[in-house]
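Undergrad: Structure provided below as structure tokens; questions to follow.
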Amino acid sequence: QVRLRESGGGLSQPGGSVRLSCVASGASSILFMGWYRQAPGKQRELVAGVTGIMYRNTTYADSVKGRFTISRDDFKSTVDLQMNDLKVEDTAVYYCNVGLVGSDWYWGPGTQVTVSS
């Protein structure tokens, strides 16, 4: 049974930084690890993700390029998202997402990030 546990999040002022972490327990042959977010009244969107096992491809949403950095550690089965220079529009519930070889996908419960002055 694969379980995702997220940590981090909370309240930040504009221009601040927050770090999110996700641990995927019980997961093997991980193909994709990433973060999505969903703001009130909006669809869930990909924020950043790392695909691949031997050769990696990293993807960022245009809105976060240059501000967010994703890092993946397969030994620890973790994926972190360092978010810098936060903007009010980054306010959302952030979800960890893991995809395994064989097309099994899993979601974390979500963690709230609020950016407000």
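The values are calculated or read from the model by the stated rules, or taken from the named source; none is laboratory data. All figures in this text were calculated on a predicted structure; none of them were measured in a lab. With ideal geometry, Cβ positions are generated from the backbone for all residues, glycine too; neighbour counts draw on all protein chains shown. The accessibility values were calculated without ligands, DNA or RNA, using every heavy atom of the protein model including side chains. Shrake-Rupley method; radii C 1.70, N 1.55, O 1.52, S 1.80 Å.
Undergrad: Just a yes or no: is a residue in the stretch 15-32 surrounded by fewer than 16 Cβ atoms within 10 Å (Cβ to Cβ), free of Cβ contacts under 8 Å to residues at least 60 places away in the same chain, farther than 14 Å from ALA92 by Cα and not acidic (Asp, Glu)?
TA: Yes: one or more hits.
Undergrad: Which of the residues that make up the stretch 33-48 are among the charged types (D, E, K, R) and open to solvent by 50 Å² or more (accessible area, probe 1.4 Å)?
TA: Result: LYS42, ARG44, GLU45.
Undergrad: Could you look through the stretch 4-46, keep only residues that are of a type in the set (Ser, Thr, Tyr) and in a strand (DSSP E or B), and pick out the one that is nearest to GLN82 (Cα to Cα)?
TA: SER21
Undergrad: Sticking with this one: If I ask for residues that are among the hydrophobic types (A, V, I, L, M, F, W, C), open to solvent by 20 Å² or more (accessible area, probe 1.4 Å) and either in contact with a Gly (Cβ under 8 Å, 6 or more places away or on another chain) or part of a strand (DSSP E or B) (or both), which ones from the stretch 71-95 would you list?
TA: Scanning the stretch 71-95 gives a single hit, VAL93.
Undergrad: Assess whether ASP80 counts as being charged (D, E, K, R) and under 18 Å from GLN112 (Cβ atoms).
TA: For ASP80, the condition - charged (D, E, K, R) and under 18 Å from GLN112 (Cβ atoms) - is met.
Undergrad: Within the stretch 1-14, track down each residue that is within 14 Å of the chain's Cα centre (by Cα), surrounded by fewer than 18 Cβ atoms within 10 Å (Cβ to Cβ) and not hydroxyl-bearing (Ser, Thr, Tyr).
TA: ARG5, GLY8
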